[in-house]
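**Student:** Just dropping this structure here.
The values are calculated or read from the model by the stated rules, or taken from the named source; none is laboratory data. Since the model is a prediction, treat every value here as computed from it, not as a measurement. For neighbour counting, all protein chains shown are included, and Cβ atoms are generated from backbone atoms with ideal geometry for every residue, glycine included. Just the protein is used for accessible areas: all its heavy atoms, side chains included, with ligands, DNA and RNA removed. Shrake-Rupley method; radii C 1.70, N 1.55, O 1.52, S 1.80 Å.
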Amino acid sequence: MTERRCDPVTGEWRMFATRRQDRTFLPAADACPLCPTRAGGPPTEIPLPAFDVVVFENRFPALVREPPAPDVADSDLYPVAPSVGANEVIVYSDDHHLGLADMDVSRIARIIDVWADRYAELGRRVDVAYVFVFENRGVAVGVTLHHPHGQIYAYPEIPPRARLELQVATAHMQSSGTCVYCDVVARERSDGIRVVAHNASFLAFVPFAARFPYEVHVASLRHAASLLDLTDPERLAMADVLQQVIRAYDGLFGFPLPYVMSMHQAPTDDGEHQHVSHLHIEFTPLHRTADKLKYLAGSELGAGAFINDTAPEEVAARLRGVGRAVR
Ligand SMILES: [Zn+2]
Ligand SMILES: [Zn+2]
Ligand SMILES: [Zn+2]
């Protein structure tokens, strides 16, 4: 079954892809499907002896260019739709152990170029309303392959969290005439106490009302709706701040901290989002201490109201301290 169903109670679309249950789960390093195909070795997803950055379609997609017809009938109460869109995998390098924390910043900038290209190309499709770039890092957040990689989803409508941000940003624009994220960036720069890292073009900070204990957001200092609005030096600056955040995490915890990294950019439907969408990346690690995870429980899952056991200002100070030490 590959289809989308709309929940009549919340109005949210959910994806169903039952074949995904068969996907490869944590293979040994010598059977890694994301490594280059080496002479005499087993075939992998990438039939090249070496590569820089590679993007290919996920072998177990939840969204595809030409989806099958849904299994169940559509009705007014229970809308059903084909799983149109795309799921792509982006492999960061041909080195099985080289992730964003350790690679040269110029290589991260190359990955940003690829993210931008995919955003442009997938976003041009009339059946794609939102291009979502993300990375799951670490087994704690459900990674099934260790080789450093990220993913790109092209959704046929704006997904719930992006839609909520857009609604709030639109209301803020109407009431104050400014981009809410530009206002947040200005406030964080002047307050300073939640800043984790910064350079000439990008800022990393623990959000004032963070959901997760070690949540960090990275934003462009000037208003940019998507990666396409960034200059080459700005992409390099973004690469630098992303790496500073990851190194601060790893330095503070003493191991590669599992996280979900989500990029929010302007939707690619035919709406006018340029002034209310502000490019940012959200890091949401699940750890609250080195050996304890924050589980989403009653208040979070049942009510959607997060309880955070840490003070964002203290977390920022700790990450800042480590960041200085590793630089
Ligand atoms: Zn590998
Ligand atoms: Zn802005
Ligand atoms: Zn966001």
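**Student:** Among residues other than residue 301 whose Cβ falls under 13 Å from its Cβ, what is the net charge (Lys/Arg +1, Asp/Glu -1)?
**Tutor:** +1
**Student:** Give the accessible surface of the range 237-327 per residue, rounded to a whole number of Å², with probe radius 1.4 Å and ligands, DNA and RNA excluded.
**Tutor:** Numbers: 4080 Å² over 91 residues.
Per residue, the range 237-327 has 45 Å² of solvent-accessible surface.
**Student:** For the range 32-47, take each phi angle, set θ = phi - 60°, evaluate the Karplus expression 6.51 cos²θ - 1.76 cosθ + 1.60, and give the result in whole Hz per residue in order, putting x for glycine and proline.
**Tutor:** 5, x, 9, 7, x, 7, 9, 3, x, x, x, x, 10, 5, 10, x
**Student:** Can I ask one more? Would you work out which of 47, 60, 75 lies farthest towards the positive end of the dipole of the range 30-122, given +1 charges on the beta-carbon of Lys and Arg and -1 on that of Asp and Glu, about the Cα centre?
**Tutor:** 47
**Student:** Rounded to the nearest 500 deg cm²/dmol, what is the calculated helix-only ellipticity per residue at 222 nm for the chain, with -39500 (n - 2.57) per DSSP H run of length n ≥ 4?
**Tutor:** It lands at -9000 deg cm²/dmol.
**Student:** Report, by chain and number, residues whose modeled amide H sits under 5 Å from the one on residue 85, excluding near sequence neighbours (fewer than 5 apart, same chain).
**Tutor:** Hits under the 5 Å cutoff: 64, 65.
**Student:** Could you go through the range 75-84 in sequence order and give the Karplus-derived ³J(HN,Hα) for each residue, using 6.51 cos²θ - 1.76 cosθ + 1.60 with θ = phi - 60°, rounded to whole Hz, and x for Gly and Pro?
**Tutor:** Ordered by residue, 3J(HN,Hα) equals 8, 4, 6, 10, x, 10, 8, x, 7, 7 Hz.
**Student:** Now, a different point. At 0.36 nm per residue, and after removing the present C-alpha to C-alpha distance, how many nm does the segment from residue 222 to residue 309 gain when stretched out fully?
**Tutor:** 28.1 nm
**Student:** Counting Lys and Arg as +1 and Asp and Glu as -1, each charge on the Cβ, what is the dipole of the range 164-223 about the Cα centre in debye, to the nearest 20?
**Tutor:** 80
**Student:** Between the alpha-carbon centers of the range 105-129 and the range 32-71, tell me the distance in whole angstrom.
**Tutor:** About 18 Å separates the Cα centre of the range 105-129 from the one of the range 32-71.
**Student:** Evaluated at 20 °C with a viscosity of 1.002 mPa s, what Stokes-Einstein diffusion coefficient in µm²/s does the chain have when Rh comes from the Kirkwood expression over alpha-carbon pairs?
**Tutor:** In µm²/s, the coefficient rounds to 102.
**Student:** Additional query: If the viscosity is 0.890 mPa s and the temperature 25 °C, what Stokes-Einstein diffusion coefficient in µm²/s follows for the range 178-327 when Rh is the Kirkwood radius over Cα pairs?
**Tutor:** Answer, rounded: 153 µm²/s.
**Student:** Return, in residue-number order, each cysteine of the chain whose C-beta is not under 4.7 Å from any other cysteine's C-beta.
**Tutor:** Singleton cysteines: 6.
**Student:** With r defined as the distance between the Cβ atoms of residue 176 and residue 50 and R0 fixed at 41 Å, what FRET efficiency is calculated, to the nearest 0.05?
**Tutor:** It comes to 0.20.
**Student:** Can you give the net charge of the other residues whose Cβ lies under 13 Å from the Cβ of residue 271, counting K and R as +1 and D and E as -1? Numbers along the way, then the final one.
**Tutor:** Working: positive: 163; negative: 157, 269, 270, 272.
Computed value for this residue: -3.
**Student:** For residue 106 and residue 299, compute 0.36 nm times the residue count separating them, minus their Cα-Cα distance, and round to one decimal in nm. Kindly include the intermediate steps, with their values, before the conclusion.
**Tutor:** Details: separation 193, 0.36 × 193 = 69.48 nm, distance 4.19 nm.
Taking residue 106 through residue 299 to full extension adds about 65.3 nm, to one decimal.
**Student:** Set the Förster distance to 22 Å, then compute FRET efficiency between residue 120 and residue 57 from the Cβ-Cβ distance, nearest 0.05.
**Tutor:** The computed FRET efficiency comes out at 0.80.
**Student:** Per residue Cα convex hull volume for the range 7-131, in cubic angstrom?
**Tutor:** Details: hull volume 19.3 nm³, N = 125.
Normalising the Cα hull of the range 7-131 by residue number yields 155 Å³.
**Student:** Compare the Cα positions of 305, 287, 321 along the charge dipole of the range 279-327 (+1 at Cβ of Lys, Arg; -1 at Cβ of Asp, Glu; about the Cα centre) and return the one farthest towards the positive end.
**Tutor:** Ranked along the dipole, the leading option is 321.
**Student:** While we're on this one: If amide H atoms are built 1.01 Å from N in the plane of the peptide, which residues on other chains or at least 5 residues away come under 5 Å of the amide H of residue 12?
**Tutor:** Long-range HN contacts for residue 12: 7.
**Student:** A further question on this structure: Between residue 189 and residue 290, what is the spin-label point distance in nm, taking each point 7 Å from the Cα along the Cα→C-beta axis?
**Tutor:** Here the answer is 3.7 nm between the modelled labels.
**Student:** Another question, if that's okay. Take the eigenvalues of the Cα gyration tensor for the range 38-78, scale each by 5, and report the square roots as semi-axes in whole Å, largest first. Walk me through the intermediate numbers first.
**Tutor:** Working: eigenvalues 296, 26, 8 Å².
For the range 38-78, the ellipsoid semi-axes come out as 38, 11, 7 Å.
**Student:** Using unit Cβ charges (K, R positive; D, E negative) and no other charged atoms, how large, in debye to the nearest 20, is the dipole of the range 24-119 about its Cα centre?
**Tutor:** Values: 6 positive and 15 negative charges, 37 e Å.
My answer is approximately 180 debye.
**Student:** Alpha carbon centre of the range 234-310 versus the range 194-233: separation in Å?
**Tutor:** 10
**Student:** Something else now. Could you look at the chain and say what percent of its accessible area is carbon and sulfur, using a 1.4 Å probe and all protein chains? Kindly include the intermediate steps, with their values, before the conclusion.
**Tutor:** Numbers: 8510 of 15540 Å².
Whole-percent figure for carbon plus sulfur exposure: 55.
**Student:** Follow-up question, since we're still on this one. Along its principal axes, what span do the Cα atoms of the range 185-254 show, with the longest given first and each in whole Å?
**Tutor:** 33, 26, 19
**Student:** What chymotrypsin sites (Phe, Trp or Tyr not before Pro) in the range 268-327 are in a loop by DSSP, with at most 14 other Cβ atoms within 10 Å of the Cβ?
**Tutor:** Passing both the DSSP loop test and the Cβ count: 295, 306.
**Student:** Something else: Mind listing the long-range amide H neighbours of residue 202? Cut-off is under 5 Å, sequence gap 5 or more, other chains count too, H placed in the peptide plane at 1.01 Å from N.
**Tutor:** 221
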